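The next block holds one structure in the form of structure tokens; read it before the comments.
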Amino acid sequence: MEHAGADAGADGDAEQRPGGGRGAGRLTPQALCRAMREDVIRGVHRPGRRLTEEAMAARYGVSRVPVREALRTLEAEGFVQSRPYAGIVVVELDDAEAEDLLEVRALLEPLGAQRAAARRTDEQVGRLKELLLLGQEALEDDRLEELARLNSRFHEVIAEASGSRTLSRLVTQLSQKIAWVYSVELPRRADDSWREHAEIVAAVEHGDPERARAAVAGHIAAARTAYRRRTAGSQAAQE
């Protein structure tokens, strides 16, 4: 997904990023890794871009040691890779991997929603409503860069509400990569996606397991269709 001005933003907006480039040690190693990962997902660090320890340390306002550790974590997660003579570069989301992630998600998350409708707490319903409102406000204000993170958190709360620690852990592990897929198909799907979220919240709030399961299954199926159309369109444009 192309992001206008992404390269300029990666080098020129340190004052607006975590750590601000104004003093080392402002970010914990975990927060640094999260910030770098989110910037890959949002397209600030674009596919093929080289990420050097020196440049990343300056950008995020930390020393090179935590940057080195963050890059190792991101490489293990599949967001960056080490290439001979090039160093660490951002990878491009592989269509086969995206399909695999969406297929696994289609198996896990409808089950989680079905259980959530039967087991959710009032607090969890409140959190879902809050995330729904934040997503709708971001859409209205055209703050699309926030939606991938909000989408991930929305689905994580559904999984938490299922009462299954195993399912919740699996969804959380998948959530960052799924956020990457979501950010690629975001412009086409943003409005529809958050309307579908509202249907999911309504089903969970009203304690209707089958309706919740069907709503999540339809939501994921629509996301897979949108991603396939985007992929087909990109391939046609290259031919």
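Any read-out appearing in this document is the output of simple, stated calculations on the displayed coordinates, not a laboratory observation. Since we're looking at a predicted model, the values are computed, not measured. Neighbour counts are summed over all protein chains in view; Cβ atoms, including those assigned to glycine, are modelled from backbone coordinates with ideal geometry.
Here are the numbers for this structure:
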{"item": "Calculated P(r) tail over 19 Å for segment 81-163, as whole % of Cα pairs", "result": "57 percent"}
{"item": "Charge context of Ser162, other residues only, Cβ under 13 angstrom, K/R +1, D/E -1", "result": "+3"}
{"item": "Least to most buried among Trp180, Trp194 (fewest other Cβ within 10 Å first)", "result": "Trp194, Trp180"}
{"item": "Cβ charges +1 (Lys, Arg) and -1 (Asp, Glu), total dipole of segment 144-220, debye", "result": "320 debye"}
{"item": "Anisotropy class of segment 95-238 from Cα gyration tensor, a/c 1.5 cut", "result": "prolate"}
{"item": "Those trypsin sites (Lys or Arg not before Pro) in segment 137-225 that DSSP places in a loop and that have at most 16 other beta carbons within 10 Å", "result": "Arg143"}
{"item": "Amide H contacts under 5 Å for Val80, placed H, 5+ residues apart", "result": "Glu75, Val91"}
{"item": "FRET efficiency, Arg49 to Glu99 (Cβ-Cβ, R0 30 Å, nearest 0.05)", "result": "0.75"}
{"item": "Linear extension gain, Leu111 paired with Tyr85, 0.36 nm per residue minus alpha-carbon span", "result": "4.8 nm"}
